[in-house]
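A quick write-up on the structure given underneath.
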Protein chains: 2
Amino acid sequence: MKRYALGLDFGTNSCRSVIVDLADGNELAAHVFSYPTGEDGILLDPQDPNVARQHPGDYGDGLVAIVAGAIKKAKKADKAFDPASIIGIGVDTTGSTPMPIDLNGVPLAMLPKFRKNLNAMAWLWKDHTAHAEAAEITDLASRTRPRYLAKCGGTYSSEWFWSKSLHCKRAAPEIFNAAHSFVEHCDYIPALLAGDTKPEHIVHGICAAGHKAMYCDEWGGLPDKEFLARLDPGLAELRDRLYEKAVPSDHLAGRLSPKWAKKLDLKPGIAIAVGAFDAHMGAVGSGVKEGVLAKILGTSTCDMMVMRADRKLADIPGVCGVVNGSIVPGYYGIEAGQSAVGDIFLWFINNLVPESYGKTSNKRFTALEKAAAALKPGAYGLLALDWNNGNRTILVDARLSGLLIGQTLHTKAHEIYRALIEATAFGALAIIKRIEEYGVPINEIVNCGGLAVKNPLLMQIYADVTGRPMKVSRSDQTCALGAAIFGAVAAGKDAGGFADVSEAQSAICGVRDTVYAPIPENQRTYAELYGLYRELHDSFGTATWYGKINHVMKRLIAIRENQRIHA
Amino acid sequence: MKRYALGLDFGTNSCRSVIVDLADGNELAAHVFSYPTGEDGILLDPQDPNVARQHPGDYGDGLVAIVAGAIKKAKKADKAFDPASIIGIGVDTTGSTPMPIDLNGVPLAMLPKFRKNLNAMAWLWKDHTAHAEAAEITDLASRTRPRYLAKCGGTYSSEWFWSKSLHCKRAAPEIFNAAHSFVEHCDYIPALLAGDTKPEHIVHGICAAGHKAMYCDEWGGLPDKEFLARLDPGLAELRDRLYEKAVPSDHLAGRLSPKWAKKLDLKPGIAIAVGAFDAHMGAVGSGVKEGVLAKILGTSTCDMMVMRADRKLADIPGVCGVVNGSIVPGYYGIEAGQSAVGDIFLWFINNLVPESYGKTSNKRFTALEKAAAALKPGAYGLLALDWNNGNRTILVDARLSGLLIGQTLHTKAHEIYRALIEATAFGALAIIKRIEEYGVPINEIVNCGGLAVKNPLLMQIYADVTGRPMKVSRSDQTCALGAAIFGAVAAGKDAGGFADVSEAQSAICGVRDTVYAPIPENQRTYAELYGLYRELHDSFGTATWYGKINHVMKRLIAIRENQRIHA
């Protein structure tokens, strides 16, 4: 009898499911649900581009829709399919995406009182409202708890848990005070499926805790209360209502509750794995192992590696985090990434590409790809910085912005589009160089995510810029696939699952036949362009290079904010 | 009996005429003709964005069309109008726009053999193919003839006569050798009307000669043969087939030939003024006098001032030229300018603005204006450099490019549009500061040209950025009006014209009621943004500021050219 696992992936604009055959990794069915609330599922504030929130109601609606949709399709694809043959569920989400919840574990946004309050929503990973708090946390930690910073690249980000909860305390005390606790999206969904979201019952994943909340077993879990109290007494009190222990995703978050089993047409009591972030599970779905860099290419990009936890690993400045067990249990999970990749292309296509390229976003995208692919590297004289949403790695600075240089009176949209792809490739290369400089060799690169599958031009440029072959994961839904793997591992071998991640990957993961090999001629041009990129990168991104020009972006952002406040 | 003058203005994309009543400056009729050849009248080379040529055939066709069109309209507007009451014709054109001509004064492009040869066309002012030759001329002059450079801002431009003729010699020797001579567009049209374009009979204007061909009475006219021979023996030989003397536009270029009088329905023998550049005659049409900066705002921008020639005037580094008599006879003409202003907006609207702003260029322009006008300065966090076509003043460097900084994932097209307007305003302020630093006071600014008339937002931003009121010339066709003034001055008082330019301006020129006053709040924000603009300007535009980053644009251009050559 066939056995399946169900993977659920909650992304930035939509969520999706996949039902995976545990014998061979065949994806029997998948279903996508686009979040209905806000702009592409994101709640924005016209007055403040830093704001990015989501309505938790979309998560619940999406959960039901993607499971029901996948089961329906699976039955159609295979008449013999029985939902009871699904033995486990894994869940990944974006993060750090914390949301305030009440004593009963109900998101405040679901209460009538707060249903229109932006601060009561889930604070999406790319919300940058907490940049001042991030700087404050970085400053305090660098003076008093340098070890807290060493594990997260030397800088605490505005995208992360404590920055956001502290900003909520200050900017929206009515929400902070109404909240009994804050829970990461990835911890909330498994608890919901297990039928108990009470804060004290939620099982917390090491992934979110370790990468975003400064959790580490070495120092006894979350940051100490004295440290938090110096930021704000409210944070120290919040710590008591959070958690003591966080665990990897081969652990059980719980078992499917009868209520949810009925609602979803699944067998009650099946394993629900501890949740983790999309990129981490996506890395597993891509087959990450030592020496393999898994690149998850989406609206933003995550660069994921693992290294056996019994080896010595130096702290790597500028990477988002090194957390034991955050990707594969027993291995350090190394996370780096770029704050915006697909988002930059989307922004460009939706805002700056005329309809002569096509009437819909998709048609414009196709036409831009075709026209850009016909260009020779550098022949359009453009260079860009990929910082429209700040720089996550290696500068860890949200207060940076985009830059485009080299435009003439003849510059065309598809030339800029290509320059934007190249900018993200140069950013990717900066990360690769940084990781290797600190002693983690990269022997193989496997890409996954929509951009890797749909953009051969992007993959070729990445190969040319990095000088390395680009492989692409076989699955279209690598994050959901990774989640399914954890569902099967959490279920365990006795229930028809797997003993560990490695065993599951052997059965399930693979790459596509097409491998993008670097073209030597393009490599030479890109080597020179990368040198120029690094000059711009270091000039505008660091304080130590070429004197003063690095303040320009920051002053522009400060002026912008000041003018908006007084508008 | 009424008396009129006819002004003919040959611009970048079209030519136009105006019939002016000499009693009060009333513009009885005007007519526009768009050049039919190429893209908006310009012949481009898809392989080389530096190329910008025009077909001389368009000039002749345009000449007939705009005179006939204006006369027809004048007859309709005033039944009593008699073409014989036109007493003189003035002509302005773009420049430096030289074209190769044969022994009979026929443009090579009009010969069947060369009619499709880009190098046989008129080399439009904004053609930048001769940048290497410009650097070479600058280098040789700075070592051996520094006085040649002192009058043209310290750098000889790729847009100018000797750079272009030298580049033609090298890149297209078959054209250079077939050419008996090269003539500026503004000298060619008056000669054509006078019925004799033989090189040795053409009367040459001081405007083109002094500003673009290093002509100066002080050193005996054109650059000496030894200097030219060191550039190329061919240039020294060409000098013999050019001219000994150049004169201001109150002089006669000739009198209307019977043939052309018949063709144009005008009285034979009427005065034809010596030609000059559009900006110079536009300044006169705007009422330029001492203390007044006349800004001619078009595809590019010219900033024109005059100062009595018997006063001492320092050389001003970075301005395009200081030439005795080039604007008003008896006064130094000071010319500065920006290589692209309207062209940048056109480029943006035609290439990077989606149709959600409107289906036609005009509708998009209107929608962008409206949306941009609602913004508060700096509230969009953007800053641009206005160098998409290089920098004419104060850097005199064609090998610069555009730059945009501060874009986020939320940046909209109308925000970029406003930043581009601001960039041109900052460039304008840099010019004002430079001129005043060298002892030429600016008490009043009068703007003219399409952008001044149609863009209240641009005028307001210019007032806010410069901190000075912006006046707008009354005429919609200030260059053609200035040309008409010279037609009337060249005709002389006895023929019903004027004794001099000042007398003509008193009768004819004026400004509109609307004056744009600076808004103090905006001034403060723009003062800070100008500081940031200057940092980018100096970092990317000069070799002495902040070390090395100024090479980035130049390397990008070099890579672009190299990749196009090998494409």
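The values are calculated or read from the model by the stated rules, or taken from the named source; none is laboratory data. Keep in mind that this is a model prediction, so the values were computed, not measured. Cβ: placed from backbone, ideal geometry, glycine included. Neighbour counts: every protein chain shown.
The table below lists the values:
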{"quantity": "So A:ALA208, is it in contact with a Cys (Cβ under 6 Å, 6 or more places away or on another chain) and among the aliphatic types (A, V, I, L, M)", "calculated": "yes"}
{"quantity": "Which listed residue, of B:LEU368, B:LEU375, is in a loop (DSSP other than H, G, I, E, B), more than 7 Å from every other protein chain (Cβ to nearest Cβ) and either in contact (Cβ under 8 Å) with a residue 40 or more places away in the chain or within 24 Å of B:ASP303 (Cβ to Cβ) (or both)", "calculated": "B:LEU375"}
{"quantity": "Members of region A:505-526 found to be within 13 Å of chain B (Cβ to nearest Cβ) and either under 26 Å from A:ILE296 (Cβ atoms) or within 26 Å of the chain's Cα centre (by Cα) (or both), listed by number", "calculated": "A:ASN522, A:TYR526"}
{"quantity": "Filter result (surrounded by 23 or more Cβ atoms within 10 Å (Cβ to Cβ) and hydrophobic (A, V, I, L, M, F, W, C)) within region A:1-57", "calculated": "A:ALA5, A:LEU6, A:LEU8, A:PHE10, A:CYS15, A:VAL18, A:ILE19, A:VAL20, A:LEU22, A:ALA52"}
{"quantity": "Filtered residues of region A:400-419 (kept if within 7 Å of chain B (Cβ to nearest Cβ) and aromatic (Phe, Trp, Tyr))", "calculated": "none"}
{"quantity": "Residue identified as within 22 Å of B:PRO354 (Cβ to Cβ) and either among the charged types (D, E, K, R) or under 23 Å from the mean Cα position of the chain (by Cα) (or both) among B:GLU444, B:GLU415", "calculated": "B:GLU415"}
{"quantity": "Residue in region A:330-347 that is in contact with a Gly (Cβ under 7 Å, 6 or more places away or on another chain), more than 18 Å from A:ASN388 (Cα to Cα) and not in a strand (DSSP E or B) present", "calculated": "no"}
{"quantity": "Single residue of A:GLY62, A:GLY38 found to be under 24 Å from A:HIS204 (Cβ atoms), free of Cβ contacts under 8 Å to residues at least 60 places away in the same chain and not acidic (Asp, Glu)", "calculated": "A:GLY62"}
{"quantity": "Answer from B:GLY482, B:GLY497 - the residue that is modelled with pLDDT of 95 or more and not in a helix (DSSP H, G or I)", "calculated": "B:GLY497"}
{"quantity": "Index of the failed condition, A:GLU218 passing every other in (1) modelled with pLDDT under 95; (2) crowded, with 19+ Cβ neighbours inside 10 Å; (3) not in a loop (DSSP other than H, G, I, E, B)", "calculated": "(2)"}
{"quantity": "Qualifying residue in region A:414-423 (condition: closer than 21 Å to A:TYR526 by Cβ, touching a residue at least 24 places away in the same chain (Cβ under 8 Å), in a loop (DSSP other than H, G, I, E, B) and touching a helix residue (DSSP H, G or I) at 6+ places or on another chain (Cβ under 8 Å))", "calculated": "no"}
{"quantity": "Of all residues in region B:119-136 being of a type in the set (A, V, I, L, M, F, W, C), in a helix (DSSP H, G or I) and closer than 26 Å to B:ASP92 by Cβ, the one that is nearest to the chain's Cα centre (by Cα)", "calculated": "B:ALA134"}
{"quantity": "Which numbered condition A:HIS537 misses (of (1) surrounded by fewer than 24 Cβ atoms within 10 Å (Cβ to Cβ); (2) under 24 Å from the mean Cα position of the chain (by Cα); (3) within 14 Å of chain B (Cβ to nearest Cβ))", "calculated": "(1)"}
{"quantity": "Unmet requirement for A:ILE431, which otherwise passes all of (1) more than 9 Å from chain B (Cβ to nearest Cβ); (2) over 19 Å from A:ASP464 (Cα atoms)", "calculated": "(2)"}
{"quantity": "Residue within region B:460-472 that is within 14 Å of another protein chain (Cβ to nearest Cβ) and touching a helix residue (DSSP H, G or I) at 6+ places or on another chain (Cβ under 9 Å) present", "calculated": "yes"}
{"quantity": "Filtered residues of region B:464-513 (kept if touching a Pro at 6+ places or on another chain (Cβ under 7 Å) and crowded, with 24+ Cβ neighbours inside 10 Å)", "calculated": "B:ASP464, B:VAL501"}
{"quantity": "Region B:58-70: number of residues that are crowded, with 22+ Cβ neighbours inside 10 Å and more than 21 Å from the chain's Cα centre (by Cα)", "calculated": "2"}
{"quantity": "Matching residues in region A:54-71 - criterion: being touching a Pro at 6+ places or on another chain (Cβ under 8 Å) and closer than 15 Å to A:ALA480 by Cβ", "calculated": "A:ILE71"}
{"quantity": "Condition check for A:ASP139: of a type outside the set (S, T, N, Q), more than 28 Å from A:ILE296 (Cα to Cα), part of a helix (DSSP H, G or I) and free of Cβ contacts under 8 Å to residues at least 40 places away in the same chain", "calculated": "yes"}
{"quantity": "Subset tally (residues that are assigned to a strand (DSSP E or B) and more than 18 Å from the chain's Cα centre (by Cα)) for region A:1-31", "calculated": "12"}
{"quantity": "Selection count where residues are assigned to a loop (DSSP other than H, G, I, E, B) and either of a type in the set (Gly, Ala, Ser) or buried (at least 24 other Cβ atoms within 10 Å of the Cβ) (or both), scope region B:282-293", "calculated": "4"}
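Rundown of residues vs (1) small (Gly, Ala, Ser); (2) free of Cβ contacts under 8 Å to residues at least 40 places away in the same chain, yes/no style:
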{"position": "B:ALA208", "(1), (2)": "yes, no"}
{"position": "B:GLY220", "(1), (2)": "yes, yes"}
{"position": "B:LEU228", "(1), (2)": "no, no"}
{"position": "B:LEU242", "(1), (2)": "no, no"}
{"position": "B:SER249", "(1), (2)": "yes, no"}
{"position": "B:LYS262", "(1), (2)": "no, yes"}
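Condition check ((1) at pLDDT below 95; (2) away from chain A (no Cβ under 12 Å); (3) surrounded by 24 or more Cβ atoms within 10 Å (Cβ to Cβ)) across all residues:
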position	(1), (2), (3)
B:LYS295	no, yes, yes
B:ALA309	yes, yes, no
B:PRO317	yes, yes, no
B:THR393	yes, yes, yes
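Residue-wise test of (1) within 30 Å of B:HIS251 (Cα to Cα); (2) crowded, with 20+ Cβ neighbours inside 10 Å; (3) more than 14 Å from chain A (Cβ to nearest Cβ).
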| site | (1), (2), (3) |
| --- | --- |
| B:SER326 | yes, yes, yes |
| B:PHE348 | no, yes, no |
| B:GLU355 | no, no, no |
| B:LYS359 | no, no, no |
| B:LEU382 | no, yes, no |
| B:ASN388 | no, yes, no |
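Residues are listed down the side, and each one gets a yes or a no for (1) aliphatic (A, V, I, L, M); (2) modelled with pLDDT of 95 or more; (3) out of contact with any helix residue (DSSP H, G or I) (no Cβ under 8 Å at 6 or more places or on another chain); (4) under 30 Å from A:ASP92 (Cα atoms):
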position: A:GLY325; (1), (2), (3), (4): no, yes, no, yes
position: A:SER339; (1), (2), (3), (4): no, no, yes, yes
position: A:SER361; (1), (2), (3), (4): no, no, no, yes
position: A:ALA373; (1), (2), (3), (4): yes, yes, no, no
position: A:GLY402; (1), (2), (3), (4): no, yes, no, yes
